[in-house]
Every structure is written in C-alpha cells, then in structure tokens.
Amino acid sequence: MNASAHGVWVELKDQVEVGEVQDAYVIYGHANDPTGFALPVMGEPYLVTPDGQKITLNMNKIEGKWIAGYGWIGNYGVCTIVPYWAGNYVFVAPRAPSYSNTTLRLTYSAAEAVIHAGNDSSAAFKSGLPVEISSDKPLNQIKNKENVTFTVKYNGEKFNASYSAYPQMTATKVQKGFTKDKDSFVINFNQTGMWLLTCYNDVKGDGNWTATYDSSSKAFKTGDVVPFNTTRYSTILSVYVRK
C-alpha cells in the first residue's frame, strides 16, 4: 500500500549540541515529487522548550531552491532554531485549518519533530497539540529493525486513534491501524532514514467555520462561513531511524 495523500512534514537534525544553530525545513507534498512541493497556508510555527515554554518562530518561505536528497524542488518553509540548554525540544509547524466541501470535514493538522540537545537521554516530549504522541524510547535512539511502542492521547484522554507510519522517501509498506481500547501501538522500523508517523482523531459534531484565507481550489474564500459535521485533529511526527 502507498501513502499517497499530500501532507506536511518537518525535517531537522534530531541530535544537536547546546547552542548549535540549525534550520528546520517544513515541506508539503509527495516525497517522490520534489518539484511539486508547495507550502499551503500555514499557522505560526513554534518551539516547545524542555521546561514547557512555547516560543513562536518566524518562518521564511523559500522558492525553488536545490536541496541535497531532493534536487530542485518547489517551495518550502525554513525556521532557524537554537537550543540554549540541554533537554528535548519539540518543533511544531501547524497548518491553517483545511476544509472539504465534499466530506464537510474541518481539519487541524500539524507536523512536529523532536530535537535532543546535549546529553539528555529522556524519551519525554510534549508538543501541546490536541493529538499528543509519545514514545517509550528516545526518538534519536531508534534503530533499524526495532519495534517501538508509541502512546497517543487526545486532550490527555485515551481514544480510538487512527495511526500510520512509513518511510518518508518511499511512502510504501505502510503500517497502519487503530488503537481501539488501548492508547498505544507498535511500529516496526524496518528501514533506515526518515519515517513519518501520523495519528488522528475524528470528532463528530455540527458547526460552522469562517474561512481565514482563499481556497486554492476556489471552494471558499476569506470570510465565507461554511458548515462542517466532522473535525479532524492530526499530528505528523518525523522520526529518523539509524543503522
């Protein structure tokens, strides 16, 4: 099975020294079609520090540059990050809400990645997103052919989460399922490199959303009030698997 849907993800160095400056890349599209990358309307990216502070970041939109591993690509976002003390940081890049006038679904999605700064070996991290993913192992210690247990909660509570995981460059051999009456699931990381792990929750309920931007498909424009009957909360976690 292929993971064919467009999605936003984050690429960054997951292990750095304290004080080390790096750029975090925010990308949207298909990994096998880099010239088609096109950043959608985004919310404000932010960084959660080890002690729980939330720092809003500036993101620059870059047009048509060359990046190692992709070659010439479409546009993408870049944020500069500096960890000033040891611990686990979470970089979060939220999209603006997206709306489907065919399924009447309003979606809040965000990409995230964890930065381990210094010698801290803790597995703990929190993004502050409605769908919160955690791991039983530090993400920067995950190696090829390992099984890793992830826990997912919605607003701090257990729910029947939908999850999927696959190697980002190939988008094949998708592992997916539902947590059902559990709050955890296991992923077998059977390939090195970047993986994307997505968890989401669909919440039923009627409502109206006032559009904050013009839809590229012309389904709505800024200020339109559109109805929805489902709200989806989706979190996409980047995991780099070592040899």
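Residues checked against (1) over 25 Å from SER217 (Cα atoms); (2) not polar (S, T, N, Q):
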{"position": "VAL26", "(1), (2)": "no, yes"}
{"position": "GLY29", "(1), (2)": "no, yes"}
{"position": "ASN32", "(1), (2)": "no, no"}
{"position": "PHE37", "(1), (2)": "no, yes"}
{"position": "GLN53", "(1), (2)": "yes, no"}
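Just to be sure, is TYR200 in contact with a helix residue (DSSP H, G or I) (Cβ under 8 Å, 6 or more places away or on another chain), under 30 Å from ASN144 (Cα atoms) and surrounded by 14 or more Cβ atoms within 10 Å (Cβ to Cβ)?
Numbers: in contact with a helix residue (DSSP H, G or I) (Cβ under 8 Å, 6 or more places away or on another chain): no; under 30 Å from ASN144 (Cα atoms): yes; surrounded by 14 or more Cβ atoms within 10 Å (Cβ to Cβ): yes.
No.
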Got a sec? Which strands (runs of 3 or more DSSP E) wholly within segment 78-124 have at least 2 residues that are polar (S, T, N, Q)?
98-100, 105-117
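Would you mind stating whether ILE73 is crowded, with 18+ Cβ neighbours inside 10 Å and over 20 Å from VAL114 (Cα atoms)? Give the derivation first.
Values: crowded, with 18+ Cβ neighbours inside 10 Å: yes; over 20 Å from VAL114 (Cα atoms): yes.
For ILE73, the condition - crowded, with 18+ Cβ neighbours inside 10 Å and over 20 Å from VAL114 (Cα atoms) - is met.
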Subset of segment 11-49 (residues that are over 16 Å from CYS79 (Cα atoms), modelled with pLDDT of 95 or more and of a type in the set (A, V, I, L, M)):
VAL18
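Quick check on segment 187-243: of everything there that is acidic (Asp, Glu) and part of a strand (DSSP E or B), which residue is nearest to the chain's Cα centre (by Cα)? Steps first, please.
Of segment 187-243, the ones acidic (Asp, Glu) are 202, 206, 214, 224.
Okay, now just the ones that are also part of a strand (DSSP E or B), so 202, 206.
Details: ASP202: 17, ASP206: 26 Å.
Selected residue: ASP202.
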Restricting to segment 23-54, name every residue that is without any contact (Cβ under 8 Å) to a residue 40 or more places away in the chain and either loosely packed, with under 13 Cβ neighbours inside 10 Å or over 23 Å from ILE67 (Cβ atoms) (or both).
ASP33, THR35, GLY36, ASP51, GLN53
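Among the candidates LYS13, LYS65, which residue alone is of a type in the set (Lys, Arg) and either in contact with a strand residue (DSSP E or B) (Cβ under 7 Å, 6 or more places away or on another chain) or closer than 22 Å to VAL241 by Cα (or both)?
On the way: LYS65 fails: either in contact with a strand residue (DSSP E or B) (Cβ under 7 Å, 6 or more places away or on another chain) or closer than 22 Å to VAL241 by Cα (or both).
The match here is LYS13.
Which of the residues that make up segment 55-68 are under 23 Å from SER217 (Cα atoms), in contact (Cβ under 8 Å) with a residue 12 or more places away in the chain and in a loop (DSSP other than H, G, I, E, B)?
Taking segment 55-68 first, the residues under 23 Å from SER217 (Cα atoms) are 61-64.
Subsequent filtering for residues that are in contact (Cβ under 8 Å) with a residue 12 or more places away in the chain retains 61-63.
Of everything in segment 55-68, just one residue is under 23 Å from SER217 (Cα atoms), in contact (Cβ under 8 Å) with a residue 12 or more places away in the chain and in a loop (DSSP other than H, G, I, E, B), namely GLU63.
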Conditions (1) closer than 30 Å to PRO227 by Cβ; (2) modelled with pLDDT under 95 -> TRP66 fails only (1)
In segment 197-231, which residues are among the aliphatic types (A, V, I, L, M) and free of Cβ contacts under 8 Å to residues at least 60 places away in the same chain?
VAL203, VAL225
Where the second residue is modelled with pLDDT of 95 or more and in a loop (DSSP other than H, G, I, E, B) and the first is under 24 Å from TYR108 (Cβ atoms) and among the β-branched types (Val, Ile, Thr) and lies in segment 77-93, which pairs have Cβ atoms under 6 Å and are six or more apart or on separate chains?
VAL90/PHE125; VAL90/SER127; VAL92/SER127
Of (1) surrounded by 14 or more Cβ atoms within 10 Å (Cβ to Cβ); (2) modelled with pLDDT under 95, VAL92 satisfies all except one. Which?
(2)
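Here is a yes/no grid of residues against (1) touching a Pro at 6+ places or on another chain (Cβ under 8 Å); (2) more than 22 Å from GLN191 (Cβ to Cβ); (3) surrounded by fewer than 18 Cβ atoms within 10 Å (Cβ to Cβ); (4) free of Cβ contacts under 8 Å to residues at least 40 places away in the same chain:
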{"site": "SER121", "(1), (2), (3), (4)": "yes, yes, yes, yes"}
{"site": "ALA124", "(1), (2), (3), (4)": "no, yes, yes, yes"}
{"site": "PRO130", "(1), (2), (3), (4)": "no, yes, no, no"}
{"site": "LYS145", "(1), (2), (3), (4)": "no, no, yes, no"}
{"site": "VAL148", "(1), (2), (3), (4)": "no, no, no, no"}
{"site": "TYR154", "(1), (2), (3), (4)": "yes, yes, no, no"}
{"site": "LYS158", "(1), (2), (3), (4)": "no, yes, yes, yes"}
{"site": "ALA161", "(1), (2), (3), (4)": "no, yes, no, no"}
{"site": "TYR166", "(1), (2), (3), (4)": "no, no, no, no"}
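State which residue is nearest to TYR240 (Cα to Cα) when the search covers only segment 142-184 and only residues that are of a type in the set (D, E, K, R) and in a strand (DSSP E or B).
So in segment 142-184, the residues of a type in the set (D, E, K, R) come out as 143, 145-146, 153, 157-158, 173, 176, 180-183.
Narrowing further to those that are in a strand (DSSP E or B): 143, 146, 153, 157, 176.
On the way: LYS143: 9, GLU146: 13, LYS153: 22, GLU157: 27, LYS176: 18 Å.
Across segment 142-184, the extreme among qualifying residues is LYS143.
The values are calculated or read from the model by the stated rules, or taken from the named source; none is laboratory data. A quick note: this is a predicted structure, and the numbers were derived from the prediction, not measured. Cβ atoms come from the backbone with ideal geometry, glycine included; neighbour counts cover every protein chain shown.
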